[in-house]
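The block underneath contains the structure these notes are about, expressed in C-alpha cells.
Derivation of every value follows stated rules applied to the coordinates shown; laboratory data play no part. Note that the structure is a prediction, hence the values are computed from the model and not measured. Virtual Cβ from ideal backbone geometry, glycine too; neighbours counted across all protein chains shown.
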C-alpha cells in the first residue's frame, strides 16, 4: 500500500535541468531501501514555478523541494522519506515580512496562494501518461454527461452561458463559435485544437499539453472528428499526446460508439514546422491540408468553411482545457469566477525581469500588480519596474499607471495592449523600449508569410527605421514616418499577424516617446542598451593606473603608463565589448 | 467502457490513490521515525496505519517525523485532528494501530489506555 507520493516535474523546463535523472535516482534509491511499494514516484506536468525547477513535491506532507540536483536525492530519501525529517535547505519558502520567519506551508506561499487553477488544475498533480489518474480526477465525466444526459444544443448553450472566450488571443466567445458550426448542415464537421503557440516567451499551451493532455482530448470530443495541430518543436507534448490518444482509444473514450451512443469521434495529431503565421486559423487549416501555411481572407469563417471545406471549430489549447470543467460544474460556476465580460481564469507565462518566472493561472480581473508583485515577486535586484508587455508580438506595453487595472480581455485592449495568448514579459529600467520594439519587429519580419504587401514589405521598412533609430541614424522625421507606416499596415494587412504587427511599436511610442526622441535628438540610449549610442570612458580620478583594463582590451584601444599616467580609451578603436568595465576593480570605467 | 457507470467505477478505483496529493484530510497521523523509533518497530506501525486507513476508506494522511524525543516510549504516534488538537500514543504496535484507526479515526473516540497520559 502506498503511503507517500513523490511527484517530479516532467515539463520541458525541468526536464532540461535533468528531472528525468532525478526520477531515476529516486526509483533506484527507493528500491535499495525496499520502499518501492510504500512510496510511489510519479512524473507530472508543470508545477508553474519554472524559475525554481527542477521541482519535487512530496505528498501527503505537502513539501515542495526546489532546484533539486541529482546529488540531493539521497538526502531526501534518507532523511525525509525514511526518517521523516524534511530537508529544509531545499524546501520552497517565503519569508514573512513582519517576523522574518520562513513560511514553508505550500498553500500559503504567495506564488500559489493568489492563483486559481482551472485549466492547470491537473498540471503537477497527475501523471499525464496515465489515463487512470486523469479519470480519478473526474476525467471524461463531462464527456459522458454530454453524450448520455445532454443534447448537443444543451452543450452549446452551457458553453455560451459560461461566457468562455477564446484563450488564444482574440477573445471570441467560444459558445458562439460552436453554435455557428452546429448550425451548418454538412455530412462532416471538424474540430481543430490550435496548439501552434508561437509568441516569444509563451508556454501556457505547451504546459497544458504536457501536464494534462486528456483535458484537451476530452473537450475536443465534447465539441465532433478532430485534429490537434501542434508544433514539432514541442517533443514532450507530442509524445504525451500520442500516449494519451492511444490510452483513450484503448478504453473506448475515442473511436466508435462512445459510451454506447451513436457518437463516434477520433483524433489525429498534425505537426507544424513552427511557423508563427500557422497560429492564425486559416493558415493553420491550409497547413493541415498539406498546403503552404498562408492565411485566407475571412469570411468565410472556419465555422462555415474550414478544413477540407467542411464546417470547423477551431479553438486554442487553453480554451479546450476549460470545457470539461464547465460541463461538470455548470456555466454558473464558471461565470462566478472572473469579471462580468471575461469569465473564468487566464494562464500567463510570466517572464522577463521578475523574480518568479513561470506559469500562473489567475481569475480574470486580477490586477497586474498582484500578478507581477505578489505572485511574481517583483523585479529582481531592486530595479525599478518600467513596463510589462502582454500579447507578445501582437500586443503592447503597459506602464506603472496601469498596474492596478484589472486584467481582462476588454481592459487590456482599452489600455492599448491585448490579452494575447498569455505571454507576460516584465521589463525594468535596464530595458530600452526602442530596442524591445525592434526585437519584436525582427521576429515579425522573420515570420511574415509574404502573402500580402503591407506585412511583407511594410514590416521590413519598420524594422529598418527602428534599426536606424537604435544606431543613431534616426531623425524626428524617422519617428513620424514610423508612426504613419504603422497605421497603414494596421489597416491594410490581410490577417491578424500583419494587422497587429505594429502594436509593439505604437504602444512603446505612446508611452515612451521620450526614449525614442533621446535616441534621435541626443543620440543617447537612456537605458544604456543600444550599443551604437554608447561610449566607454575612464574616470581619471578613480583610475589607479593598474593597467588591468588595457591588458583585457582585445583591440588595444586603451593606452596609459602603469603607475604613472591614468588610462584612456580611444573611442575610434573601441568595439564596446565591455571587457574593460568588467576587469576594473575600482569602477573607474563608465558607460554613457 | 460502455457507460457512465463503468467510468465512475474506474474513477473510484484510482481516486483513493490520488487523495494523497490533495492535502485535505480529517486526521493527520504522524509516526516518529527517528533511529530510535525505527529500532523500536515504528515501520510496521506506519504500514499498519496506511493499510488500515485504506481498508476502512477513511480520510486521513499518514506522515512521518524524526525523533519525537521520548525514546523510552517509542514507537510514538501523534494524531492531529482538523483543529490541530494532538493526541500522543506510546509503545505502539501494529495491532494497536488497527484499533486506533477504527476507533479514533473512524469514530472519533480516543483510545485513552494507549495514550501517554495512561502510562
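What whole-number distance in Å separates the alpha-carbon centres of segment A:525-592 and segment B:2-56? About 66 Å separates the Cα centre of segment A:525-592 from the one of segment B:2-56. Binning the alpha carbon pair distances of segment A:4-109 at 10 angstrom intervals from zero yields the distribution 15, 50, 29, 6, 0, expressed in whole percent. Give the Debye-formula value of log10 I(q)/I(0) at each listed q (0.13, 0.17, 0.22, 0.28 Å⁻¹), with one equal scatterer per alpha carbon of segment A:57-129, two decimals each. For segment A:57-129 at q = 0.13, 0.17, 0.22, 0.28 Å⁻¹, log10 I(q)/I(0) is -0.47, -0.78, -1.11, -1.29.
For a quick protection proxy, order the peptides A:258-265, A:449-456 by their average other-Cβ count within 10 Å, most packed first.
Working: A:258-265: 16.1, A:449-456: 18.1.
Ranked from most to least packed, the peptides come out as A:449-456, A:258-265.
Taking the mean number of other Cβ atoms within 10 Å as a proxy for protection, how do you rank B:90-100, A:571-581, A:98-108 from highest to lowest?
Working: B:90-100: 18.9, A:571-581: 14.6, A:98-108: 11.3.
Those peptides, ordered most packed to least, come out B:90-100, A:571-581, A:98-108.
By the count of other C-beta atoms within 10 Å, a proxy for reagent exposure, A:17, A:74, B:61, A:448 are ordered fewest to most as A:74, A:17, A:448, B:61.
The share of alpha-carbon pairs in chain B lying farther apart than 21 Å comes to 39%.
Ranking of A:203, A:47, A:172 by neighbouring Cβ atoms within 10 Å, starting from the fewest: A:172, A:203, A:47. Here segment A:210-341 was treated as a single set of alpha-carbon atoms; its pair distances binned every 10 Å from 0 give 11, 36, 36, 16, 0 percent. Inter-chain Cβ neighbour count for A:104-116, averaged per residue, equals 0 (cutoff 10 Å, partner chain atoms only).
Normalised by residue number, the volume inside the convex hull of the Cα atoms of segment A:485-592 is 140 Å³ per residue.
Beta bridges per DSSP, both residues in segment B:25-118: antiparallel share near 60 percent. For segment A:535-591, the alpha-carbon coordinates run over 25, 18, 15 Å along the three principal axes, in decreasing order. Among the residues of A:129-141, the average count of other protein chain beta-carbon atoms within 10 Å of the residue beta-carbon is 5. Cβ-to-Cβ counts within 10 Å put B:46, A:147 in ascending order as A:147, B:46, the fewest first.
Taking max minus min of the alpha-carbon positions on each principal axis, segment A:436-524 gives extents of 39, 20, 19 Å, largest first. Tell me, how many Å apart are the Cα centres for segment A:303-376 and for segment B:59-119? The distance from the Cα centre of segment A:303-376 to that of segment B:59-119 comes to 45 Å. The distance separating the Cα centre of segment A:44-85 from that of segment A:109-147 comes to 21 Å. Neighbouring Cβ atoms from other chains, within 10 Å of the Cβ of residues in A:252-258, number 1 on average. What fraction of the DSSP beta bridges in the protein assembly as shown is antiparallel, stated in percent and rounded to the nearest 5? Once the DSSP bridges in the protein assembly as shown are tallied, antiparallel ones form about 60 percent. With N counted as the residues of chain A, its alpha-carbon radius of gyration over 2.2 N^0.38 Å works out to 1.08.
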